[in-house]
1. I need a count of the residues in segment 79-120 that are outside any loop (DSSP other than H, G, I, E, B) and free of Cβ contacts under 8 Å to residues at least 40 places away in the same chain.
2. In the set 313, 323, 301, 269, which member is closer than 26 Å to residue 47 by Cα, outside the structural domain of residue 234 (by TED's automatic domain parsing) and at pLDDT 95 or above?
3. Looking only at segment 310-329, which residues are free of Cβ contacts under 8 Å to residues at least 40 places away in the same chain and either β-branched (Val, Ile, Thr) or buried (at least 22 other Cβ atoms within 10 Å of the Cβ) (or both)?
4. Among the candidates 193, 198, 209, 172, single out the residue that is touching a Phe, Trp or Tyr at 6+ places or on another chain (Cβ under 6 Å) and either under 24 Å from residue 111 (Cβ atoms) or of a type in the set (Val, Ile, Thr) (or both).
5. Kindly establish whether residue 248 is among the hydrophobic types (A, V, I, L, M, F, W, C), surrounded by 15 or more Cβ atoms within 10 Å (Cβ to Cβ) and over 28 Å from residue 32 (Cα atoms).
6. Got at least one residue in segment 145-154 being assigned to a strand (DSSP E or B) and without any contact (Cβ under 8 Å) to a residue 40 or more places away in the chain?
7. Among the residues of segment 165-185, which ones are closer than 15 Å to residue 214 by Cβ, of a type outside the set (Lys, Arg) and surrounded by fewer than 24 Cβ atoms within 10 Å (Cβ to Cβ)?
Amino acid sequence: MPPTAPLAATATLDVAALRTHFPALQGGAAHFDGPGGSQIPSVVAQAVAAAMTAPMSTRGSVTTAEQNSDSHVLAARSALADLLGAQPGGVVFGRSMTALTFDLSRTLAKDWGPGDEVVVSRLDHDANIRPWILAAEAVGATVRWAEFDPATGELDPQAFADVLTDRTRLVAVTGASNLIGTRPDLPAIAGLAHERGALLFVDAVHLAAHATVDLQALGADVVACSPYKFFGPHCGALAADPAFLETLRPDKLAPSSDAVPERFELGTLPYELMAGTAAAIDFMADLVPAADAGASRRERLVRSMAAVEEHELALRGRIEAALVELPGATLYSRAAHRTPTLLVLFSGQDGSGRDSAEIYRFLAGRGVNVPASNFYALEASRALGLGDAGALRIGLASYTDDDDVDRLLDGLEAYFAQA
């Protein structure tokens with residue numbers, strides 16, 4: 001099946017009202033750096049502070065402090081399950097998506113050996129490449145690459161079909177490229193992987209901030225995300241079918257729980273970050289008014305994210321139309337189905353590349369935050385011909401407004417006027 005189009009919003013995002021919840025936006029900067037981490041609404045900071053200042057201890061059921069910690073864990077699992085279309089009992093919390101992926105790769109690799117294969121995508125962030133490569137190398141398994149088309153930015157499912165074999169044990173692919181925004185056809189890739197008996201691990205870190213995520217609809221066996229990309233604290237989470245997790249035996253301390261999902265969570269959990277994560281997801285669910293007073297949080301999340309997609313798509317169109325009019329602009333975000341994330345490089349009249357880092361610094365001096373880098377999508381940056389330097393990345397968020405876009409475009413025009 002082809003990638004689905006953005007859901008039609010049944011309500012409009014009130015961006016002006018939304019922005020009042022973000023203290024950082026009152027600082028005067030226009031933030032186009034959301035793909036590296038969103039700004040944080042007050043309610044999330046308050047939830048973290050409330051958890052840390054209330055009685056809190058190791059999770060349990062006897063004292064108030066133990067019960068508070070337990071409630072934060074259960075609330076976070078429930079919220080993340082609603083966000084990812086998963087079951088609370090299949091949600092694993094961790095230090096970061098990267099740390100969780102390393103842990104899972106080592107666990108899965110216990111059953112791999114010479115002759116087995118894993119498939120990674122050249123489009124991905126290194127957090128969904130290097131853990132699998134290192135785990136495969138440690139046991140003598142083979143790594144195969146699914147290549148994307150640098151000219152179009154598309155990652156065709158055929159790229160996976162070309163490298164999958166009956167020895168493929170796992171396919172790792174992004175839900176959306178953090179560098180150029182491409183959203184691959186995950187259900188098609190899942191079908192190909194499962195036909196070969198392979199697992200599908202989806203990095204939804206960038207996707208979850210811009211669209212509805214559904215573990216089953218995507219066909220993923222595991223999906224991972226980072227709450228700090230969608231208004232939450234700096235931490236990570238992954239979700240899978242609890243029955244699948246029951247089959248895995250990660251390394252753990254002898255006294256620690258062997259229950260799922262606790263067996264995957266090493267050490268004491270950061271309860272305050274879990275409280276903040278639940279608050280962030282509740283905030284997302286209420287970005288637009290619910291059509292039905294009895295709507296579930298999952299239903300409200302789907303409705304809100306539809307409105308977010310509609311808003312971000314309109315602003316992306318404005319920026320794209322203006323960028324192509326600027327001298328020497330090359331846009332690398334070209335896929336038909338993608339997030340509002342634009343990678344652009346500017347060249348001079350002699351064909352030489354302008355320094356993206358210089359433009360980054362110039363715009364920052366005008367209070368417009370547009371970073372330049374490969375953003376850990378190292379393989380993708382190299383495949384695009386950008387080397388390790390990358391380019392300028394313009395990342396929209398739900399709180400981006402037309403004034404922000406005006407400041408961005410004015411800043412770019414000012415840079416070229418003086419360059």
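The values are calculated or read from the model by the stated rules, or taken from the named source; none is laboratory data. Keep in mind it's a predicted model, so treat the numbers as computed, not measured. As a convention, Cβ positions derive from the backbone with ideal geometry for all residues, glycine included, and neighbour counts pool all protein chains shown.
1. First, pick out the residues of segment 79-120 that are outside any loop (DSSP other than H, G, I, E, B): 79-84, 88-94, 97-109, 117-120.
Checking the rest, the ones that are also free of Cβ contacts under 8 Å to residues at least 40 places away in the same chain come to 88, 102, 105, 109.
Selection size over segment 79-120: 4.
2. Values: 313 fails: closer than 26 Å to residue 47 by Cα; 323 fails: closer than 26 Å to residue 47 by Cα; 269 fails: outside the structural domain of residue 234 (by TED's automatic domain parsing).
On inspection, the qualifying residue turns out to be 301.
3. Answer for segment 310-329, where residues must be free of Cβ contacts under 8 Å to residues at least 40 places away in the same chain and either β-branched (Val, Ile, Thr) or buried (at least 22 other Cβ atoms within 10 Å of the Cβ) (or both): just 324.
4. Numbers: 193 fails: touching a Phe, Trp or Tyr at 6+ places or on another chain (Cβ under 6 Å); 198 fails: touching a Phe, Trp or Tyr at 6+ places or on another chain (Cβ under 6 Å); 209 fails: either under 24 Å from residue 111 (Cβ atoms) or of a type in the set (Val, Ile, Thr) (or both).
172 is the lone residue from the list that is touching a Phe, Trp or Tyr at 6+ places or on another chain (Cβ under 6 Å) and either under 24 Å from residue 111 (Cβ atoms) or of a type in the set (Val, Ile, Thr) (or both).
5. Working: among the hydrophobic types (A, V, I, L, M, F, W, C): yes; surrounded by 15 or more Cβ atoms within 10 Å (Cβ to Cβ): yes; over 28 Å from residue 32 (Cα atoms): yes.
The answer is yes for residue 248.
6. Initially, segment 145-154 is screened for residues assigned to a strand (DSSP E or B), giving 145-146.
Remaining after also requiring without any contact (Cβ under 8 Å) to a residue 40 or more places away in the chain: 145-146.
Checking segment 145-154: at least one residue is assigned to a strand (DSSP E or B) and without any contact (Cβ under 8 Å) to a residue 40 or more places away in the chain.
7. Once the filter is applied, which keeps residues that are closer than 15 Å to residue 214 by Cβ, of a type outside the set (Lys, Arg) and surrounded by fewer than 24 Cβ atoms within 10 Å (Cβ to Cβ), segment 165-185 yields only 185.
Every residue, every condition in (1) outside the structural domain of residue 363 (by TED's automatic domain parsing); (2) farther than 30 Å from residue 406 by Cα; (3) crowded, with 19+ Cβ neighbours inside 10 Å, yes or no:
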position: 37; (1), (2), (3): yes, no, no
position: 64; (1), (2), (3): yes, yes, no
position: 84; (1), (2), (3): yes, yes, yes
position: 88; (1), (2), (3): yes, yes, no
position: 94; (1), (2), (3): yes, yes, yes
position: 98; (1), (2), (3): yes, yes, yes
